[in-house]
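Written below as structure tokens is the structure these notes are about.
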Amino acid sequence: MTTPRDARTSPAPVLELRDIRKSFGANTVLKGVDLTLRPGRITALLGANGAGKSTLIKALSGVHQPTGGDILLDGAPVQLENPMAASRLGVRTVHQRIDDAIIPGLSVAENLVFEQIALGETPSVASPKSLLPRARKVAAALALDWDDAFLRQDVFELGIADCQMLLLARALVTDPKVLILDEPTSTLSQSEAERLFETILELRDRGVAILHVSHRLAEIDQLADDIVVLRDGRITAAQERPFDFAAAVTSMLGEGAERDIEQLVHLTGEQVALEIDGLRVFPEAPEMSVALRSGEVTGVIGLIGAGKTELAEYVFGESTATGTGTMKLGGKAYAPRHPKHAIARGVFLVPEDRAAQGMLPGWSIARTFSLPFLSRFARGAILQQGSETTRAAQAIADFGVVSTGPGQSVDALSGGNQQKVMVARWMQTPPEVLLLDEPFRGVDIGARREIAKRAREQAADGSCVVMLCSDVDELREIADRVLVLVEGRITLDARIDTVSDDEIVQSMTEVA
């Protein structure tokens, strides 16, 4: 049972940041951050992409060392020299990018107890079987019903949502003083998110100080006791309940940003771009047949496991094992055996996991932008870097990517700016079909609106745009037509302006 907010007091701070600054060469990202986290309170951190949230989180988790300022824990100055040092002091972080903390090649059990192994609490040569009891205990911290067969499998086989739950469980089992959650629900279904919320509230009532980073205002309203806004490397606003979200968004993005999303003028496509006939996205699913039209945005929505990503990967030529149907693109037979075949026909995919599926570590923005189309930037066997840089600079300007220029490493960008690069990459040439798999994941309101605007412009210019998501509000923001998927079958196909949110949600929860 959780404690009512008005029944709790404001105890002494457990963590204080005083004038925290961080520079990378000539680029100053944090410009004097003051922040106080108190036990038994949830503080929501808002900020546009590029505001410095990721850098601040890494400073708190021991990944980055501040250039200046002080960090106090229980009133005493501390040095968070590395993530292990931060963990020993009770400061735990669950990062948004799961690939920073998941180790492929090891079992789920080994990943669950990895930090215990690193700290010497478990023998480093222990067999996977001997780790199972400890792994069960860690999984139980989040009430994960994972049996021994699941714990033995390679973590590489897990989906993004299960990996996220694994990292959360690993953080919670240590009873942290401070818990930092960076977009923890971005990959979770509604039921998984609700389970997480219950755990967060229980931790709050046990006295844990929680810093919760999220772009979802409804989620913040449900959980948070306080709001702080980071803009351009500084805390620009702070609120206690009741929250004024319009003021918070204005502090985050600037004047005029708080206005409501404009009412869409819905598009209606007349020409069929992509026909899918007799497809099974899962072996046990019924056959699916659907026609997607150019000149409109089709929103495909469903819970995790509905088959959205599998559908997108099949159309893009990344998966053929589960595909048993046939396709036509522009009235002609279409059966891509590899993404290069899809790209050659003008079918592009912005993937669900941009870091793992769309970027190469250490590559520049310019090279990342041109990667699928290198032949267009080459003369013979020689890559024309000037042309590549010019096109990338134009994309940076068009999409408002916050960066130091085309030569900056894409790894150094915030998540939202990485997503803008991904979307811009696939819009540099008008696509026949543009597949956007969770395009708003981990991006702020400004980036979200920009991506939605660009996608709708692409549809208005004649492309077939398909957006796959699990959030009804995101669907409303971009789609003209809605397809609901449940376990690989279509349970609703309608114009978005003819159905209510309740009808969409009910269709998403139908049982086969």
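Just so you know, all these numbers are worked out from the coordinates, no wet-lab data involved. If you're wondering where the values come from, they're calculated on a predicted model, not measured in any experiment. Here the Cβ is made from the backbone with ideal geometry for all residues, glycine too, and neighbour counts use every protein chain on show.
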Long-range amide H partners of residue 489, meaning residues 5 or more apart or on another chain whose placed amide H is closer than 5 Å, are none
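Take every DSSP beta bridge with both residues inside the chain and express the antiparallel ones as a percent of the total, to the nearest 5. Could you put the intermediate results ahead of the total?
Numbers: 42 of 79 bridges.
Bridges in the chain that DSSP calls antiparallel: roughly 55 percent.
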Per-residue HN-Hα couplings for region 332-341, Karplus 6.51 cos²θ - 1.76 cosθ + 1.60 at θ = phi - 60°, whole Hz, x for Gly and Pro? 10, 4, 9, 9, x, 9, 7, x, 5, 6
Distance check, please: which entries in 308/340; 22/453; 31/53 exceed 23 angstrom between their Cα atoms? 22/453
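When the chain is fully extended, how far beyond the present Cα-Cα distance does residue 341 get from residue 199, taking 0.36 nm per residue of separation? The partial results should precede the final answer.
On the way: separation 142, 0.36 × 142 = 51.12 nm, distance 4.57 nm.
Roughly 46.6 nm would be gained on extension.
Using Cβ contacts closer than 10 Å as the measure, can you line up 420, 453, 58 from fewest to most?
Details: 420 27, 453 13, 58 20.
Ranking 420, 453, 58 by Cβ neighbours within 10 Å, fewest first, gives 453, 58, 420.
Explain nothing, just the number: relative contact order of region 337-477, from Cα pairs under 8 Å at least 6 residues apart, as a whole percent.
On the way: 177 pairs, mean separation 39.6, N = 141.
Normalised by residue count, the contact order of region 337-477 is 28 percent.
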Only helical DSSP H runs with n ≥ 4 go in: add -39500 (n - 2.57) per run for the chain, normalise by residue count and round the 222 nm mean residue ellipticity to 500 deg cm²/dmol. -9500 deg cm²/dmol
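Using per-residue counts of other Cβ atoms within 10 Å, averaged over each peptide, order 229-242, 461-474 from highest down.
Working: 229-242: 16.6, 461-474: 21.1.
Per-residue Cβ counts within 10 Å, averaged per peptide and sorted highest first, yield 461-474, 229-242.
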If the cut-off is 30 Å between C-alpha atoms, which lysines fall inside it for residue 129, apart from same-chain ones fewer than 8 positions away? 137
Distance from a point 7 Å along Cα→Cβ of residue 357 to each backbone N in region 438-472: keep the residues under 20 Å and list them by number. 438-444, 448, 451-452, 455-456, 464-472
For percent of Cα pairs over 34 Å apart, the choices are (i) 34; (ii) 40; (iii) 53; which was calculated from the structure? (ii)
Can you work out the Karplus-derived ³J(HN,Hα) for every residue in region 79-95? Use 6.51 cos²θ - 1.76 cosθ + 1.60 with θ = phi - 60°, whole Hz, and x for glycine or proline. 10, 8, 6, 6, x, 5, 5, 4, 5, 4, 7, x, 9, 10, 10, 10, 6
